[in-house]
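Quick notes on the structure that follows.
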Amino acid sequence: AQKITQTQPGMFVQEKEAVTLDCTYDTSDPSYGLFWYKQPSSGEMIFLIYQGSYDQQNATEGRYSLNFQKARKSANLVISASQLGDSAMYFCAMREGGYGGSQGNLIFGKGTKLSVKP
Amino acid sequence: GAVVSQHPSWVICKSGTSVKIECRSLDFQATTMFWYRQFPKQSLMLMATSNEGSKATYEQGVEKDKFLINHASLTLSTLTVTSAHPEDSSFYICSASRFYTIYFGEGSWLTVV
């Protein structure tokens with residue numbers, strides 16, 4: 001079974017609108033971390049946001065927020081007020097082990113390609 | 001600013017030669033670094049975990065004699081692709097853990113001709 005599932009291969013959003021990128025995860029470890037990365041066409045992986053499994057509140061970083069629903073094992077990324085520069089691949093990832101996923105390697109989903117329309 | 005630096009960004013080498021890619025953690029010590037490979041339009045595939053002062057741990061199916069990893073210091077890990085062949089052409093990217101977050105280098109595009 002896949003550990004990280006991103007069901008949207010591609011998404012379109014109008015500039016200035018909000019968009020939600022879906023991510024579900026599967027783990028039996030009570031301690032883990034969830035991450036979102038942005039990968040533009042240049043290839044670099046840009047860290048966006050982190051959510052620890054013990055965090056009570058949803059993580060937010062500027063225009064990015066993570067809708068963490070632990071019982072549903074989902075960690076959707078919400079981008080508010082989309083910009084043209086947001087067009088990129090977005091990867092959801094999980095890290096198991098250590099407190100809040102502080103150890104071990106990242107397990108990635110297959111990614112979602114977001115295209116922002118002017 | 002960048003937290004992890006990777007060099008070179010682009011490299012073209014002849015088939016049969018070796019190429020070295022460096023990954024440096026900037027302003028912090030990384031006892032563990034990770035090396036990934038990414039094929040076009042696919043996700044990142046973990047190749048190996050690099051541990052400072054000890055041998056790397058390779059994922060199943062990754063040839064350790066072909067992809068040599070050395071983590072000689074707390075800020076530097078290197079990946080050497082030995083006797084490169086065209087099928088080794090790919091995007092290679094490293095990462096390092098700082099607190100709860102894993103940061104990535106800029107990645108290296110390798111083309112073997």
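The values are calculated or read from the model by the stated rules, or taken from the named source; none is laboratory data. Everything quoted here is computed from the prediction, not taken from an experiment. Methodologically, a virtual Cβ is constructed for each residue, glycine included, from the backbone with ideal geometry; neighbour enumeration extends over all protein chains shown. All accessible areas refer to the heavy atoms of the entire protein, side chains included, with ligands and DNA or RNA removed. Shrake-Rupley method; radii C 1.70, N 1.55, O 1.52, S 1.80 Å.
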Exercise. Roughly how crowded by other chains is peptide B:31-38, in terms of the mean Cβ count from those chains within 10 Å of each of its Cβ atoms?
Worked result: 2
For this session: Per residue of the stretch B:2-12, in order, report the coupling 6.51 cos²θ - 1.76 cosθ + 1.60 (Karplus, θ = phi - 60°) as ³J(HN,Hα) in whole Hz, putting x for Gly and Pro.
Result: 5, 9, 10, 10, 10, 8, x, 6, 9, 8, 10
Problem set entry | chain B, dipole about Cα centre (Lys/Arg Cβ +1, Asp/Glu Cβ -1), debye to the nearest 20 | 40
Exercise. Under a 5 Å amide H to amide H cut-off, with H placed in plane at 1.01 Å, what residues pair with A:Ser87 once short-range neighbours are removed?
Worked result: A:Val116
Seminar exercise, completed: Rounded to whole Å², per residue accessible area for the protein assembly as shown with a 1.4 Å probe reads 49
Seminar exercise, completed: Partner shielding of A:101-110, as the mean number of partner chain Cβ atoms within 10 Å, equals 5
Problem set entry | Pairs of lysine residues in the protein assembly as shown - Cα separation under 15 Å, sequence separation of 8 or more or cross-chain | 13
Exercise. So which trypsin sites (Lys or Arg not before Pro) in the stretch B:1-90 pass both tests, a DSSP loop state and at most 12 other Cβ atoms within 10 Å of the Cβ?
Worked result: B:Lys14, B:Lys41, B:Lys55
